[in-house]
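Computed from the coordinates by the stated procedures, all read-outs in this text should not be read as laboratory data. Because the structure is predicted, anything quoted here is derived from the model rather than measured. Cβ placement follows ideal geometry from the backbone for every residue including glycine, while neighbour counts extend to all protein chains displayed.
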Amino acid sequence: MTIRTSLENAGKTVLGALGGRKEPAETDILETLEAEHDEVQSLLSKLVDSDNARERHSLVNRIKKALIPHTKAEEKTVYDRVLGLAGKDAKIDGHEGYLEHSLASETLAKLAKMRGPMSPEFSATAKVLRELINHHIGEEERNIWARLRENFSAEDRAQMNREFEAAKKRVKV
Ligand SMILES: [Fe+2]
Ligand SMILES: [Fe+2]
């Protein structure tokens with residue numbers, strides 16, 4: 001071991017002892033999902049509350065870039081595993097997630113195509129998208145995460161996080 005690696009390892013131990021930042025490779029997928037949910041929910045609230053056409057337009061683009069890779073990677077990494085669990089209820093939860101993702105992405109595509117971002121139609125669609133996503137995230141964090149905690153170890157969930165990050169990079173928005 002070189003002096004440099006011993007120093008780096010000592011640094012990690014100190015950080016670990018202080019409850020500091022983990023290596024990305026050890027991150028639990030639930031932490032990544034939570035941070036991304038918070039981000040998209042805050043962007044959606046800004047969109048609904050915004051009274052500026054240009055800001056609304058740019059928020060739609062930011063929501064698209066945050067939401068689409070998240071949902072596609074989540075389907076491969078999380079939902080396909082949940083669909084593979086024993087029991088009818090897990091399969092229902094899995095299909096429900098897929099369906100809600102597709103409803104959210106259809107609604108977002110409608111929003112992205114709409115002309116006047118200050119029109120009542122745009123405002124209504126933005127509100128529906130926020131409701132859809134808030135509902136979806138609520139259920140996901142309760143039902144799906146409970147299944148992940150119950151059926152997968154911390155090590156499995158760190159592996160899922162690595163797969164999730166790699167899958168997101170492959171999604172074209
Ligand atoms: Fe999610
Ligand atoms: Fe989701």
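What's the FRET efficiency of Glu106 with Glu26 using the Cβ-Cβ distance as r and R₀ = 35 Å, to the nearest 0.05?
That pair, Glu106 with Glu26, gives E of 0.45.
Between Glu155 and Lys88, what is the FRET efficiency for a Förster distance of 22 Å, r being their Cβ-Cβ separation, to the nearest 0.05?
0.20
Which residues does a label at Val171 reach in the stretch 28-46, if reach means a backbone N under 19 Å from a point 7 Å past the Cα toward the Cβ?
28-45
Please turn the phi angles of the stretch 92-105 into ³J(HN,Hα) values with the Karplus equation 6.51 cos²θ - 1.76 cosθ + 1.60 (θ = phi - 60°), one per residue in order, whole Hz, x for glycine and proline.
4, 4, x, 5, 4, x, 4, 5, 5, 4, 6, 5, 5, 6
Relative contact order of the chain: what whole-number percent is it, with Cα pairs under 8 angstrom and at least 6 residues apart?
Relative contact order of the chain: 37 percent.
Using Cα positions and a limit of under 30 Å, work out the lysines in reach of Lys76, with same-chain residues fewer than 8 apart set aside.
List returned: Lys22, Lys46, Lys64, Lys65, Lys88, Lys91, Lys110, Lys113, Lys127, Lys168, Lys169, Lys172.
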